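Trainee: This is the structure I have questions about; it appears just below.
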């Protein structure tokens, strides 16, 4: 049996342990929700304050040049590229994930309309994050495609011969299950389909190799494992073979080849810059810069590979401790056990009380979250493990609190059964 | 002749003068570029710091409920509505102006396709802000419409019988010329066309009455006269008669009727909320909140009407002083003299040196900006007058510096003739 002392020993031996000091973690909180909103980097308050008081406050309009606001989406994109197997100039940080998905899915459908007009399916999973499905649903209606949702990944292969675009999220937001990006992209390409990947729960969490993995387009989120702050701008990547082929539909001035020439006709910028649209929220981009710094700080310690090793160790430990110490309390493991099929979160289900158990844990300072079930899926208790700031002792205490909430049945208190707008 | 003492006396008698204390204006700067990026509200550093350190840093994911992040786009929209003649629930602060224009222009084209399919023109001005034209160009290509640009507003009337959508910016970004929104919207409606207005240089600068003025759709900018900070989110307004008629194409989860139900099919929220798409940049929205506070602080002092009176007094004074004190230096007034045709900026042209003159003024602490000319328009020196933080003595000194730059010919120095990426 694992003990608290074992966990402490593992923290003491953890080469990534110093990275925790890059964050300000609230006292008495064990934060298992970095897959929803990453913890604030300790450098963020001063850096953002400087952007506010010095750049905006003192430089004012001059900051576009003097503080490099002008190419911030590209500069951050070049840094993020290192984390997801992309090259400089292939990626920009901008807009929301939803808006970026609209851009790339639109471009992918245009490629199909030109190269393979008989293909009319956009294929995705019913369990994909809803905004991805909503954006695809809207574009399919407008462009005359059919959005075909599968309940099991195994159903995808049979559809590929008719598929224009296979659109998947790499790590599932509810279950934490991870796809094999390279194998699926290769199968899509072999069948003549394009592969669009959403990296919302991957970037900064698991190694990603966009160029090596054969992706055509990718989008992802800045405020989860990249620790960019609430609603931080997202990112968009386009494989260089596609980047200049089409206008994307959000053809705003920041994607123009010469935005400050103020010409009346649109001429798209070369490469990924054409996937910019309007003026970007500089203060929020500055938060994202601080977040990227925290993930890049792991590079001298082994980078994403080292983070992945620790992430798997944390989630393995969580699963083992839940099974050792919470046995008999009706919890079921939803996340795959196989390392190759797991992201950086662990999800549990329970036939009763999932929402209230999460609330009771939050009251004890263990912050995870809840996702409601539906016809296909049970209610879920979701725990994200960010190896940058979580340790093995945190995992121990989390499971002890979970055991306490279940053993005492304190989750039945009315205060834990009152639903908020967001969780 | 006007004297410096006259200007000081007018400041002393100005009932809006105390509003200047709501801003942090850099020492030795006279800021005439609030039409590009508004000055930082004095409350912004502390308010944004609280959003960073307390909301993000301490509340973390709980801030969506506890600090009201969830409905921030609507809450700010309701406050901004008061400044542009809209009702609560009709407007949201979100995304960029370009992205919002894409949403409403797309909706307007859908209405036309259904109600008047023979109308195939989108009409705008060649001198409109380029991103508006680029977005329209892209949508017209995709939907089979023709973007017809006029060189003179007088050419619009003859096109209206074939026009699907008339898309204009209320106050021109280069010239400062202002349209009569009510008269033009009425003419468009009488001819069966829809009216889309861009309020980028109007919101917070001139009185706007969206409901009374007969607009169908409107968008606008948060970082100019609303002082929301660099790249602050923009806004979008839809007349209630159109709001629920269509999906807008950026059908992301924040525009869903129940975003946290996580259903796989899209069901648009009632009203303006469906014009939201993805998660919004909370830190930048917080900056916008501070900016809106500064404009709303004028309400007890007469609100937009009082700001407009002062704005016209400032721009009248600037024009008069330029003509009195810079005569013979080759400056031409580009902005209309008639109050009803003028926004809150004054633009001058000169056959030579416009860019360098602006740079020499900036070196003296008088910050305006430059916009390059083209076949239709000369190079322009652009000066924005934000009545919230500018006084009559500021106008005096600005003109004295302009006179000095021209009289000494210091603008010919090489350092003022080196072009930057932006300004």
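Trainee: Have a look at B:268, B:233 and point out the one that is surrounded by fewer than 24 Cβ atoms within 10 Å (Cβ to Cβ), within 11 Å of chain A (Cβ to nearest Cβ) and either closer than 28 Å to residue B:189 by Cα or touching a residue at least 60 places away in the same chain (Cβ under 8 Å) (or both).
Mentor: The match here is B:268.
Trainee: What is the number of the single condition among (1) within 22 Å of the chain's Cα centre (by Cα); (2) under 26 Å from residue B:264 (Cα atoms); (3) away from chain B (no Cβ under 14 Å) that residue A:351 does not meet?
Mentor: Unmet condition: (1).
Trainee: Out of all the residues in region B:246-259, which are surrounded by fewer than 22 Cβ atoms within 10 Å (Cβ to Cβ) and touching a strand residue (DSSP E or B) at 6+ places or on another chain (Cβ under 9 Å)?
Mentor: Correct list: B:246, B:247, B:257.
Trainee: What residue, of B:21, B:28, B:14, is part of a helix (DSSP H, G or I) and more than 7 Å from chain A (Cβ to nearest Cβ)?
Mentor: That would be B:21, the only listed residue that is part of a helix (DSSP H, G or I) and more than 7 Å from chain A (Cβ to nearest Cβ).
Trainee: Search region A:1-13 for residues that are assigned by the TED database to the domain that holds residue A:320 and pair each with any residue that is part of a loop (DSSP other than H, G, I, E, B) and surrounded by 11 or more Cβ atoms within 10 Å (Cβ to Cβ) when their beta-carbon atoms are under 7 Å apart and the residues are at least 6 apart or on different chains.
Mentor: Correct list of pairs: A:11/A:391.
Trainee: Among the residues of region A:298-312, are any within 12 Å of chain B (Cβ to nearest Cβ) and not in a helix (DSSP H, G or I)?
Mentor: Checking region A:298-312: not a single residue is within 12 Å of chain B (Cβ to nearest Cβ) and not in a helix (DSSP H, G or I).
Trainee: Could you say which residue among A:37, A:83, A:72 is more than 21 Å from residue B:25 (Cβ to Cβ) and more than 10 Å from chain B (Cβ to nearest Cβ)?
Mentor: Just a single option satisfies the conditions, and that option is A:83.
Trainee: Residue check: is residue A:208 modelled with pLDDT of 95 or more, assigned by the TED database to the domain that holds residue A:80, buried (at least 23 other Cβ atoms within 10 Å of the Cβ) and within 27 Å of residue B:267 (Cβ to Cβ)?
Mentor: So residue A:208 does not fit the description; no.
Trainee: Any idea which of (1) free of Cβ contacts under 8 Å to residues at least 60 places away in the same chain; (2) within 14 Å of chain A (Cβ to nearest Cβ); (3) over 21 Å from the mean Cα position of the chain (by Cα) is the one residue B:373 doesn't satisfy?
Mentor: In the conditions (1) free of Cβ contacts under 8 Å to residues at least 60 places away in the same chain; (2) within 14 Å of chain A (Cβ to nearest Cβ); (3) over 21 Å from the mean Cα position of the chain (by Cα), residue B:373 misses (3) alone.
Trainee: Out of A:401, A:339, report the one residue that is surrounded by fewer than 16 Cβ atoms within 10 Å (Cβ to Cβ), at pLDDT 95 or above and touching a helix residue (DSSP H, G or I) at 6+ places or on another chain (Cβ under 7 Å).
Mentor: A:339
Residues checked against (1) under 24 Å from residue A:386 (Cα atoms); (2) outside any helix (DSSP H, G or I):
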residue: A:135; (1), (2): no, no
residue: A:147; (1), (2): no, yes
residue: A:202; (1), (2): yes, yes
residue: A:212; (1), (2): no, yes
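Trainee: Going by the conditions given, is residue A:8 part of a helix (DSSP H, G or I), more than 10 Å from chain B (Cβ to nearest Cβ) and farther than 23 Å from residue B:281 by Cβ?
Mentor: yes
Trainee: Exactly one condition in (1) within 21 Å of the chain's Cα centre (by Cα); (2) over 20 Å from residue A:246 (Cβ atoms) is not met by residue A:60; state its number.
Mentor: (1)
Trainee: Go through region B:40-62 and give me each residue that's in contact (Cβ under 8 Å) with a residue 40 or more places away in the chain and facing chain A (nearest Cβ under 7 Å).
Mentor: Of everything in region B:40-62, those that are in contact (Cβ under 8 Å) with a residue 40 or more places away in the chain and facing chain A (nearest Cβ under 7 Å) turn out to be B:40, B:44, B:48, B:52, B:56.
Trainee: Here is a list: A:359, A:345. Which entry is in contact with a strand residue (DSSP E or B) (Cβ under 7 Å, 6 or more places away or on another chain), within 14 Å of another protein chain (Cβ to nearest Cβ) and surrounded by 18 or more Cβ atoms within 10 Å (Cβ to Cβ)?
Mentor: Among A:359, A:345, only A:345 is in contact with a strand residue (DSSP E or B) (Cβ under 7 Å, 6 or more places away or on another chain), within 14 Å of another protein chain (Cβ to nearest Cβ) and surrounded by 18 or more Cβ atoms within 10 Å (Cβ to Cβ).
Trainee: Another one. Looking at residue A:121, is it in contact with a helix residue (DSSP H, G or I) (Cβ under 7 Å, 6 or more places away or on another chain), buried (at least 22 other Cβ atoms within 10 Å of the Cβ) and either within 19 Å of residue B:249 (Cβ to Cβ) or away from chain B (no Cβ under 14 Å) (or both)?
Mentor: no
Yes/no matrix, rows are residues, columns are (1) surrounded by fewer than 17 Cβ atoms within 10 Å (Cβ to Cβ); (2) touching a strand residue (DSSP E or B) at 6+ places or on another chain (Cβ under 7 Å):
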site	(1), (2)
B:59	no, no
B:72	no, no
B:90	no, yes
B:99	no, no
B:117	yes, no
B:127	no, no
B:137	no, yes
B:152	yes, no
B:157	yes, no
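Trainee: Something else about it: Check residue B:284 against each of (1) modelled with pLDDT under 95; (2) in a helix (DSSP H, G or I) and name the one condition it does not meet.
Mentor: Against the list (1) modelled with pLDDT under 95; (2) in a helix (DSSP H, G or I), residue B:284 comes up short only on (1).
The values are calculated or read from the model by the stated rules, or taken from the named source; none is laboratory data. All values reported here derive from a predicted model rather than from experimental measurement. For neighbour counting, all protein chains shown are included, and Cβ atoms are generated from backbone atoms with ideal geometry for every residue, glycine included.
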